[in-house]
Amino acid sequence: MPLKKTINDSHSRWMDADGPAADIAISSRIRVARNLAGIPFPHLLDQKKAEDVIHAVRLAVIDKDVSSKVGNIELSLLSEMSPVERQILVDKHLISPELLSNFERKAVVLRDDEVISIMINEEDHLRIQCLIPGLQLQEAWDLINQVDDSLERTLDYAFSEKLGYLTACPTNVGTGMRASVMLHLPALKLIKQLGGVLNAISKVGLTVRGLFGEGTEALGDLFQISNQVTLGQSEEEIINNIVAVVSQIITQEQAARNALYKNRREVIEDLVYRAYGTLKYAHILSYEEAMRLFSELRLGIEMGLVSGVHARLLNELTVRIRPAFLTKLSGNEMLAHNRDVFRAELIRKEFSKLQ
Amino acid sequence: MMCKRCGQRPATMHMTEISNGKKSETHLCEACAREIQAQGFGFSFSPQLQLHDFLAGLLNHELGGNKHDHDELTGKRCEKCGVFEGQIVKHGLLGCGDCYPYFEDRLLPLLRRIHGRTRHTGKVPERTGGRARLIKEVNNLKSVLKEAVSREDFEQAAQVRDQIRQIEKSLEDGGGA
């Protein structure tokens, strides 16, 4: 039962912090949009037609050839889950918040390690996603490509010679591909260089978003860099462009960390250990404060100043301290204040296990 | 043009707002546009929605000004899915894959504006698209040609032969790849 495991366990493969450049690049994600030929896009479908799309995808994924290539996958209807369970999938970045509206028409396919997920009837009939730790966009694309090829053996895609994969929104037409890398950039922020870097990114056709999209930008100093253009560039070109730009940002963040260590070592150590201490002993923690403290402690881990705490734990906690998972753990809805108390208790418990 | 809000960065987002039948335009830099959107939607704000609003504005511009302000069930209709031009303009979403060729002349300028290009150069699905389909079409035409020749309908045969040559040439030129 992969879905039950996915919902009960806050861990996901992308949190392992073991990929290339994992001290700055937390995760790499690629998603491609695909639609079935001859069927209107999801926003025009009634319940019955939407179920037909789900059924077609179900038939495609139970194909033996698909499971032998793609791995152990399972399709679940969003309507079979509770609101909290659906939100946990969003918090783990396995589905988008958009999949939650009109959920009775939607479904998700998950591979047991959660590296591959397919959203059905989001903005497009299929949104195939691959999410892995570190800077590994090419690897993510190779996986997606394989899944896509095996699905295409049974599903007829809406495709045109001229415009490529046809999507509901013209911003996705062509490759239908959005590739992104999640970066942790606290040092650039500390030396006030972040604005310049982010500004430069928008000049080379890439976009920057916060952890859960715009408006959440500063949370945990986490930034998603992704491509804007999907038409007229091949998948490889899109990936190479992002990797080139992201590598530059990584170099600059690294330089900023080195400079801080060299010139302001006591300031960095103070920041990191205050965060560590607060997380270890605080009795009330809001989500925002916890995310800030995680970022500061994470910096210490990534710079080798703190031992005994692994970035994997922090990645996992960013999901576990979200309201949905807290509700699930406590068994009932809580007021914001009680949630802050419960959150602090949960973090204290985890930190008391550390050496 | 500089951003109307901060006056410091170049304006890259141009938003058209229509309220009470009056059209007003705002020119913002990306940072200010994002801030304004974030204020409006709060924490659970979805970036896709913002994009749709933005696109809807662009589409409105491409697909015929503001004549669809009041009723979305107006304008040209896609023959396949029946979606109205007004609906596309309002929601920023097309109705089906066939909307692309159907509204092509008006979509192309928009695609150029969004992507800078109008021709796909990426992956081609093995079965549903690309060279495979062209090759299949050539094979079909070859059997039509054979049949026309056997019927001694040389006029049709010549036409079909030209069609085959055209496709084969585009295949040689890397068309469909």
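Quick rundown of the values:
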{"item": "Qualifying residue in the stretch A:51-65 (condition: outside any helix (DSSP H, G or I), away from chain B (no Cβ under 12 Å) and open to solvent by 10 Å² or more (accessible area, probe 1.4 Å))", "result": "yes"}
{"item": "Boolean, A:R292 is closer than 25 Å to A:D9 by Cα, open to solvent by less than 10 Å² (accessible area, probe 1.4 Å) and in contact (Cβ under 8 Å) with a residue 40 or more places away in the chain", "result": "no"}
{"item": "Yes/no for A:I132 being within 27 Å of A:E104 (Cβ to Cβ) and either under 18 Å from the mean Cα position of the chain (by Cα) or open to solvent by 10 Å² or more (accessible area, probe 1.4 Å) (or both)", "result": "no"}
{"item": "Failed item, numbered, when A:S68 is tested on (1) under 29 Å from A:E139 (Cβ atoms); (2) outside any strand (DSSP E or B); (3) touching a Gly at 6+ places or on another chain (Cβ under 9 Å)", "result": "(3)"}
{"item": "Where A:L126 falls short, out of the listed (1) closer than 19 Å to A:D63 by Cα; (2) open to solvent by 10 Å² or more (accessible area, probe 1.4 Å)", "result": "(2)"}
{"item": "Within the stretch A:217-237, considering residues that are closer than 16 Å to A:L137 by Cα and among the charged types (D, E, K, R), the one nearest to the other protein chains (Cβ to nearest Cβ)", "result": "A:E235"}
{"item": "Any hit, the stretch A:298-311, residues being buried (at least 21 other Cβ atoms within 10 Å of the Cβ) and farther than 21 Å from A:H184 by Cα", "result": "no"}
{"item": "Meets criteria (within 12 Å of chain B (Cβ to nearest Cβ), small (G, A, S) and open to solvent by 10 Å² or more (accessible area, probe 1.4 Å)) for A:G205", "result": "yes"}
{"item": "Candidates B:G75, B:G97 - the one that is under 12 Å from the mean Cα position of the chain (by Cα), modelled with pLDDT of 70 or more and more than 26 Å from A:R209 (Cβ to Cβ)", "result": "B:G97"}
{"item": "Matching residues, the stretch A:94-105, being touching a residue at least 40 places away in the same chain (Cβ under 8 Å) and open to solvent by less than 20 Å² (accessible area, probe 1.4 Å)", "result": "A:L94"}
{"item": "Count of residues meeting criterion [assigned to a helix (DSSP H, G or I) and more than 11 Å from chain B (Cβ to nearest Cβ)] in the stretch A:35-48", "result": "2"}
{"item": "Those residues of the stretch A:175-202 which are open to solvent by less than 30 Å² (accessible area, probe 1.4 Å), at pLDDT 90 or above and touching a helix residue (DSSP H, G or I) at 6+ places or on another chain (Cβ under 7 Å), in sequence order", "result": "A:T175, A:M177, A:A179, A:V181, A:L183, A:H184, A:L185, A:P186, A:A187, A:L188"}
{"item": "Filter result for A:L279 (outside any helix (DSSP H, G or I), under 27 Å from the mean Cα position of the chain (by Cα) and either at pLDDT 95 or above or surrounded by 13 or more Cβ atoms within 10 Å (Cβ to Cβ) (or both))", "result": "no"}
{"item": "Which numbered condition A:I39 fails, given (1) closer than 18 Å to A:V319 by Cβ; (2) open to solvent by 30 Å² or more (accessible area, probe 1.4 Å)", "result": "(1)"}
{"item": "Selection status of A:N240, open to solvent by 80 Å² or more (accessible area, probe 1.4 Å) and either within 14 Å of another protein chain (Cβ to nearest Cβ) or touching a strand residue (DSSP E or B) at 6+ places or on another chain (Cβ under 7 Å) (or both)", "result": "yes"}
{"item": "Wholly within the stretch B:100-177, helices (runs of 4 or more DSSP H) carrying at least 3 residues that are open to solvent by 80 Å² or more (accessible area, probe 1.4 Å) and at pLDDT below 90", "result": "B:131-150, B:154-172"}
{"item": "Among (1) open to solvent by less than 10 Å² (accessible area, probe 1.4 Å); (2) within 11 Å of chain B (Cβ to nearest Cβ) - the single one A:T154 does not satisfy", "result": "(1)"}
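Condition check ((1) among the aliphatic types (A, V, I, L, M); (2) open to solvent by 60 Å² or more (accessible area, probe 1.4 Å); (3) within 19 Å of A:I284 (Cβ to Cβ); (4) not in a helix (DSSP H, G or I)) across all residues:
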site: A:L313; (1), (2), (3), (4): yes, no, no, no
site: A:T318; (1), (2), (3), (4): no, no, yes, no
site: A:F325; (1), (2), (3), (4): no, no, yes, no
site: A:K328; (1), (2), (3), (4): no, yes, no, no
site: A:E333; (1), (2), (3), (4): no, yes, yes, yes
site: A:N338; (1), (2), (3), (4): no, yes, yes, no
site: A:F342; (1), (2), (3), (4): no, no, yes, no
site: A:E345; (1), (2), (3), (4): no, yes, yes, no
site: A:F351; (1), (2), (3), (4): no, no, yes, no
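Here's the yes/no breakdown for (1) in contact (Cβ under 8 Å) with a residue 24 or more places away in the chain; (2) over 27 Å from A:H93 (Cα atoms):
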{"position": "A:K262", "(1), (2)": "no, yes"}
{"position": "A:E266", "(1), (2)": "no, yes"}
{"position": "A:N315", "(1), (2)": "yes, no"}
{"position": "A:R322", "(1), (2)": "yes, no"}
{"position": "A:K328", "(1), (2)": "yes, no"}
{"position": "A:N338", "(1), (2)": "no, no"}
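The values are calculated or read from the model by the stated rules, or taken from the named source; none is laboratory data. Being a predicted model, the structure only gives us computed values, none of them experimental. For neighbour counting, all protein chains shown are included, and Cβ atoms are generated from backbone atoms with ideal geometry for every residue, glycine included. Areas reflect the complete protein model, heavy atoms only, side chains present, ligands, DNA and RNA absent. Shrake-Rupley method; radii C 1.70, N 1.55, O 1.52, S 1.80 Å.
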